[in-house]
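Structure record follows, encoded as structure tokens.
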Amino acid sequence: MTDVFKEIRSDTYIQLKNSLDDEVSKVSKTGNAAFLGSERFCEVWQIETGLYDDEASVWLVEELTMYVALGIQFPLEPAKIFYSKRDFEKIGHIPHTSFFSNDVCVFDEFVLVDENNPKGIVLEQLKKAKETLIQGIKGKNEGDFNDEFLAYWNTSGNSKDKLLSETIYCLVDKKPESFDSLSLLTYSTKLSKKEEVSSGILFNKEEDLITPYEEYFENLGQSPKEYNVFYIDNIKGVEHPPFSLTCYDTLNLIAPDKQKSFKEYFNKNNERLVAFSKVLNGTTYFLGWHYPKVDFKIKGFRKNGLTPFRLTFQKTLPGHAKYVKRFATEILTENRLIKRTASDAQEQVDYKLLVAGIGSVGSNLVGLLNNLNNPEFTLVDNDKLSSENIKRHLLGFNYLNQNKAVAVRNNLKQKLPSQKIHISETSVFDYYNNNKDWFNQQDFIFLCLGKLNLEKWFIKELADGNLEKPTFILWVEPYLIGGQLLYFHPDNLPHLNDLFHDIYKYKFAIIEHEEFERKRDLFVLKESGCQTTYSPYSSTHLSLFLTSTYPKIIEIIENKPAESLFFSWIGDLSIADKLDIKLRSNSFESYTLIHNQI
């Protein structure tokens, strides 16, 4: 296959040489094109060209060296276009180019190219690259700097211009009211025995968004450090690159009325950070810089006579010429995360869901329901996760011997610590009797108990008006030959006799009712005594059951029908044939979902 791509590159190169009036040649990745990196591309073509402005009929750049850099997957993915570092002064700082790597942005990463026309791909890229450069030199796309502000702020402009190595996340929803409103919580994450990375969370002390993260780190046994950050609201002088800033440069970015407070902050704190906000495409971002450490050992000065502020900003001292390390935060607020996953086109609802029974069915159901943009969960279970559970459970070895509700809570918190999750380690019967008001504050109740008598008791609570919220009940039949999804709306409840015969026989069971008694030893297996009984079914069939019923659950949640609904899922009927298990109907088909009518 690689030989085929090599042949395509060879043919494309010859066609390109014959198509262009410019001089085209292959170059070594260790020569003039060394700045591209020897690992990134398998082949580089050099083009000696120029930039001609058709509108003004004039050469903007008479001599320009451009490079077409091809990866091993070309033409399945387009090439990259660069221009020579020696020609930077001819181009200058313009939008859609990187002044550090000298690339020209032509296609975004989602573009689809015609791989059957590789020469056409390269010609189109060269054309667009030249147009971008010409527009930039003429100042026609100066406004595009604002769209790419974050990219340029996060790009080092020279060997002295440094970026903060730590990743900083932003947890600010409310605009800070004062220069001392912001703080930075720093923590470390171990990637391996030898590798550890440092990160930080920028937060507004006027909000209460950081508390779940502090609790998360506390549960991990970590002690993150908190640092004060100096916030400046309006900043002028950093509209477009280059953004290489010395300590003295930054002093001019702080408004005169904030200078006194900044000086006090600088002298008081050991770690010194400045943050500012900038609105880009309707979204507020927080960016900033970190000051280098100051050296008090300067000849001719008494140590006590030099304050950190004076050492850093006085022009006669060397500190003023040092470069600050810039940083741009990654927004971690739930609003941003929801927008990234669902966009503004979808209406977002903050659901409150109570799930009781966090075993095999309940835990995996929670995993699916969590896709509803991190709903507020209440998880109820009084049992611990044991080794025999982990093959079918959402969680595994790392959570053994933890209460199931606690374990699932901890797992979800690893994904997003700010998610609201309440847990109870008591039985759902006790929890309901002590917290009826909380049950009735939920949007939906999910019972995954596997205990028919208890589930029927809750149905009676609905009928008596004590439980007022729509309630789902899910359970599975042995070997997952069948699975049941019941939805009860408080205003449209069937009579229990319409659903159950002889107390315990569910009308819409897939397995014939009498089989549950006749084949009890087949349906309820034991490992060593009555304390180790279990119902046999595979995690594969559990996944099929839940993924088949999940669309119905979401449809009900979103549309809120004012009627009760009952669905039966039919599993692998070959298992029933193999074990000689009789079914309620001979017309069932494997892996289908039935809407039952009372």
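The values are calculated or read from the model by the stated rules, or taken from the named source; none is laboratory data. Small disclaimer: the values here were computed from a predicted structure and weren't measured. Ideal geometry is used to build each Cβ from the backbone, glycine not excepted, and the neighbour counts take in all protein chains shown.
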Listing of strands (runs of 3 or more DSSP E) fully contained in the range 388-481 that carry 2 or more residues being closer than 28 Å to F588 by Cβ and in contact with a His (Cβ under 9 Å, 6 or more places away or on another chain): 471-476
Residues being touching a strand residue (DSSP E or B) at 6+ places or on another chain (Cβ under 8 Å), over 30 Å from Y351 (Cα atoms) and of a type outside the set (A, V, I, L, M, F, W, C) - total across the range 558-590: 5
S156 surrounded by 14 or more Cβ atoms within 10 Å (Cβ to Cβ) and assigned to a strand (DSSP E or B): no
Odd one out for K127 among (1) assigned by TED's automatic domain parsing to the domain that holds C105; (2) in contact (Cβ under 8 Å) with a residue 24 or more places away in the chain; (3) surrounded by fewer than 19 Cβ atoms within 10 Å (Cβ to Cβ): (2)
Test set (1) over 30 Å from T316 (Cα atoms); (2) modelled with pLDDT of 85 or more - S244 fails condition number: (1)
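Table: residues versus (1) under 17 Å from L126 (Cβ atoms); (2) surrounded by 11 or more Cβ atoms within 10 Å (Cβ to Cβ); (3) touching a residue at least 24 places away in the same chain (Cβ under 8 Å).
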| position | (1), (2), (3) |
| --- | --- |
| F5 | no, yes, yes |
| S19 | yes, yes, yes |
| F35 | no, yes, yes |
| R40 | no, yes, yes |
| W45 | yes, yes, yes |
| L51 | yes, yes, yes |
| D54 | yes, no, no |
| A79 | yes, yes, yes |
| Y83 | yes, yes, yes |
Only listed residue being touching a residue at least 24 places away in the same chain (Cβ under 8 Å), among the charged types (D, E, K, R) and within 23 Å of D180 (Cα to Cα), chosen from K325, K236: K325
Counted residues, the range 8-59 - those being in a loop (DSSP other than H, G, I, E, B), among the hydroxyl-bearing types (S, T, Y) and over 23 Å from S101 (Cα atoms): 1
Candidates K205, K194 - the one that is without any contact (Cβ under 8 Å) to a residue 24 or more places away in the chain and either among the small types (G, A, S) or farther than 30 Å from N102 by Cα (or both): K194
Any chance V68 is among the aliphatic types (A, V, I, L, M), touching a residue at least 40 places away in the same chain (Cβ under 8 Å), more than 15 Å from L123 (Cα to Cα) and touching a Leu at 6+ places or on another chain (Cβ under 8 Å): no
